[in-house]
Structure formats: structure tokens, C-alpha cells
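Asker: Can you read through this structure? Questions will come right after.
The values are calculated or read from the model by the stated rules, or taken from the named source; none is laboratory data. In this text the structure is predicted, and so the values were computed from the model without any measurement. Don't worry about glycine lacking a Cβ; one is built from the backbone with ideal geometry, like all the others, and counts go over all protein chains shown.
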């Protein structure tokens, strides 16, 4: 049986044409098809934070880093470590650190699932 899909509609206010009366905001709705379980979880998270699902998703979009931003942050961190401590992180070291972080994250998720059951 296929998972039940939920619809999540997000209104996006974008600047419209500027006329004699000044700027006009026109609303554009975006619909995202997600599973019902995901929709329910987003609703619960939004309620717990006393915000709408739209605000929750906008907050995520505003704070999540793109791959380019992540690379730029890594380059700044590498430059800082080199300047302040005279240490350059090798690709091997970086890979080992990423693996340790993945393992810690997975262990945390496993513990969280165990306490939720």
C-alpha cells in the first residue's frame, strides 16, 4: 500500500509591478506533496514553537546552508585554523571527522527512536 500523501500549501508574497499607487504584493501559493506522517510532524513542530507551518518552513529555508555556503564556511574554518594554530586539516582528517559526526548523529537518532517507542 502506498503511503498516504498530504498537501502542504505555502503562500509566498513576492513583489509585483510598481504602479502609480506604489508597490504591490501579489500572493503566490506553492503546494508541496509530502507524506501524511511528515505533514503531521511539521504541524506538531510548528505548534510546539507557537508558529505556523509556513513560518516553520520559512525559518528552515532561512537558516539551512546550501552546499556552496557549506564549502565557503569550510574554507573560512580552514583559513582560521591555519592562521591561528598553524594547522591545515587534511582531506583524510576531514573525512574521519565527518564519519565520526555521522556516527554520533546516527547514535543520537537511534536513542531518540528508542525513547519514543
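Asker: Just need a number here: residues in segment 35-80 that are surrounded by 10 or more Cβ atoms within 10 Å (Cβ to Cβ) and not in a helix (DSSP H, G or I).
Answerer: Result for segment 35-80: 5.
Asker: Further, regarding this structure: Which one of the conditions (1) closer than 27 Å to residue 39 by Cβ; (2) surrounded by 10 or more Cβ atoms within 10 Å (Cβ to Cβ); (3) out of contact with any strand residue (DSSP E or B) (no Cβ under 9 Å at 6 or more places or on another chain) does residue 103 fail to meet, given that it meets all the rest?
Answerer: Answer for residue 103: the failing condition is (1).
Asker: Condition first: at pLDDT 90 or above and either under 16 Å from the mean Cα position of the chain (by Cα) or in the same structural domain as residue 97 (by TED's automatic domain parsing) (or both). Now tell me which residues in segment 29-42 satisfy that.
Answerer: Result: 38, 39, 41, 42.
Asker: Right, here's the next one. Report whether or not residue 96 is assigned to a helix (DSSP H, G or I) and touching a helix residue (DSSP H, G or I) at 6+ places or on another chain (Cβ under 6 Å). Lay out the reasoning, then the answer.
Answerer: Numbers: assigned to a helix (DSSP H, G or I): yes; touching a helix residue (DSSP H, G or I) at 6+ places or on another chain (Cβ under 6 Å): no.
So residue 96 does not fit the description; no.
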